[in-house]
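Novice: For reference, the structure I am asking about is given below.
The values are calculated or read from the model by the stated rules, or taken from the named source; none is laboratory data. The structure displayed is predicted, hence computed values, not measured ones. Backbone-built Cβ (ideal geometry, glycine too); neighbour counts: all protein chains shown. Calculation scope for accessible area: heavy atoms of the full protein, side chains included, ligands and nucleic acids excluded. Shrake-Rupley method; radii C 1.70, N 1.55, O 1.52, S 1.80 Å.
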Amino acid sequence: MQNRTLVRDLNDKLGQTVIVAGWLHRLRDMAKFGFAIVRDRSGLVQVVLTAEQLEQLKGLQVETVLKVTGIVVEKRTKDPNAHEVEIQATTLEILSPVTDVTPVEINNHDLDARLETLLDNRVVTLRHPKQRAIFRVQAALVHGYRAYMEKQGFTEIFFPVLAGAASEGGSEFFRVDYYGRDAALTQSAQLYKQITMGVYEGVYGVSYSFRAEKFSTSRHLTEFNQLEFEVGFIDSMEEVMEYVEGSTRGMFAAIQEECKEELALLNVVLPPLGEKFPRIKLIDALHVYKAETGIDETHEPDLSPAAERWLSTVWAPKVHGSGFVFVTHYPETKRPFYTKLDPEDPTSTLSFDLIGFGSEIVSGGMRVNRYDEQLARIQSKGLRVEDFEDYLMMHKYGIPPEGGFGMGLQRLTQNILGLANIKEATIFPRDVQRLRP
Ligand code: AMO
């Protein structure tokens, strides 16, 4: 639309005639005149309407799409220091009339709806300023990630979603009928990002991951995005962790720069990152958990959700001034076939998770890069070697020592914004029950 002014730029246009376009967020009819709150992608503005203009809106509901021409004036308020502006409308054009009442009220400060109602009516609830803010923050996280990776000189890769074999093992994959053949939706870009290690040495990308989860939880989706990363010619897993930390810091910087208003609207105060994210072996973490809380999970092969929460929200902030903690050296039984075994203890792996603000948001580690070793791991995991022919070809033709990680985008957004359910951090979530909208 030519000559349109966004709401956020109106403060600079005092006394000028402008065109503002957006949705009717709220209407107050004072009989002889009225107030329309108009919402565009940048904010809300009050428009003062004449009786005739009010008449134009008769029978129309909120969300009607409007084009307003008017003069920017200082808003009359009781607070002499509040230099807000409003628009004195000269003409009003209706671009798309709405006659139905919205199924959920979206013009209050908070959306008062249960999660399922909010998601059933996502088409309109997404328009609420707080919902909009969530996905602005998510976009900024990806900007920060991309900017960091580009700065390192790495190559962005666009990974396939349809594949012949499951990448993470297990049974949690979706089968697809592919012209009568069995195909799968990728659980991650794992195999593909590793293959590119024969070429680019450092790659990243945003992938789609599909997991046929059996239950709905507040942390799991059946479709989500991973910020993927893989790097070659490394000496140790610690190098991969440096990239996790560097990119996370870059992402935090991006949201602080791009999303000040959104973070304020969502009442988010970002937790401290600390000097350096602490690193602790799984077994040591379980012992600290036991010593400090009395809960004995030292015989477990993994952290329970409660232990993850305690480590990242109590222990790491208190002891290391950080809301993040790397937990390393998970047992072989808990990690996929591509994970390198720890040469000092072959029941353990060179693997890590990054736990942040309550739960795991990143998984990563060193990978097996030699052919014989990888063949043996596939066989020992009971997987069919013929399913991994293409993958093993890369090992056969030389892959440097390498490692990488995958960061769950929706999980990260959920934890940073303190959202109770991951579906709130997913624009159109899919779970065991939900496939719409
Ligand atoms: P993993 O399976 O641990 O590792 O997944 C990596 C990250 O993705 C997120 N995540 C999920 N988010 C929402 N719903 C789910 N069902 C779900 N499952 C996982 C988490 C998790 O930390 N290929 C490896 C990564 C690697 O080693 O490079 C992988 O997929 O935030």
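Novice: Just the accessible area per residue of region 133-219, please: how many Å² with a 1.4 Å probe?
Specialist: Roughly 50 Å² per residue, with all protein chains present.
Novice: Given Cα pairs under 8 Å that are at least 6 residues apart, what percent is the relative contact order of region 31-148?
Specialist: The value is 20 percent.
Novice: Once you have the Cα-Cα distance between Thr17 and Ala306, take 0.36 nm times their residue separation minus that, and quote the gain in nm to one decimal.
Specialist: 98.3 nm
Novice: For the peptides 349-357, 412-420, 40-48, 52-60, what is the packing order when you average, over each peptide's residues, the other Cβ atoms within 10 Å and list the highest mean first?
Specialist: 349-357, 412-420, 40-48, 52-60
Novice: Can you order the peptides 305-318, 208-221 by their average number of other Cβ atoms within 10 Å per residue, highest first? Please report the intermediate quantities before stating the final value.
Specialist: Values: 305-318: 18.8, 208-221: 16.1.
Going from most to least packed, we get 305-318, 208-221.
Novice: In addition: Assigning unit charges at the beta carbon (Lys, Arg +1; Asp, Glu -1) and nothing else, what dipole magnitude in debye, to the nearest 20, does region 7-96 show about its Cα centre?
Specialist: 160
Novice: Given Cα pairs under 8 Å that are at least 6 residues apart, what percent is the relative contact order of region 129-425?
Specialist: 20
Novice: Per 0.36 nm of contour for each residue apart, how much would the distance between Tyr178 and Asp29 grow if the chain were fully extended, relative to their Cα-Cα spacing? Spell out each step's value before the answer.
Specialist: Working: separation 149, 0.36 × 149 = 53.64 nm, distance 5.79 nm.
Net length gain for the segment: 47.8 nm.
Novice: Tell me, what HN-Hα J-couplings in whole Hz come from the Karplus equation 6.51 cos²θ - 1.76 cosθ + 1.60 at θ = phi - 60° for each residue of region 185-199, using x for Gly and Pro?
Specialist: Once rounded to whole Hz, the list reads 8, 5, 7, 6, 8, 2, 5, 6, 5, 5, 4, 5, 5, x, 10.
Novice: Could you work out the pair-distance distribution P(r) of region 1-125 from its alpha-carbon pairs, with 10 angstrom bin width and percents rounded to whole numbers?
Specialist: P(r) over region 1-125, rounded to whole percents: 13, 42, 32, 12, 1.
Novice: Carbon-plus-sulfur fraction of the accessible area of the chain, 1.4 Å probe, in percent? Display every interim value, and only then the final one.
Specialist: Working: 10970 of 21290 Å².
Of the solvent-accessible surface of the chain, carbon and sulfur hold 52 percent.
Novice: Among Val268, Gly250, Leu162, which residue has its Cα positioned farthest towards the positive end of the charge dipole of the chain, with +1 placed on the Cβ of Lys and Arg, -1 on the Cβ of Asp and Glu, and the dipole taken about the Cα centre?
Specialist: Checked the options; the winner is Val268.
Novice: Quick check for you: with a 1.4 Å probe and neighbouring chains kept, what is the accessible area per residue of region 244-337, in Å²?
Specialist: 47
Novice: When only alpha-carbon atoms are used, what values of Rg and Dmax, in angstrom, describe the chain?
Specialist: My reading of the Cα-based Rg and Dmax gives 26.1, 84 Å.
Novice: Over 18 Å between C-alpha atoms is what I'm after, so list which of Lys214/Lys281; Lys130/Lys423; Lys193/Lys340; Lys193/Lys276 land there.
Specialist: Violating the 18 Å Cα-Cα cut-off are Lys214/Lys281; Lys193/Lys276.
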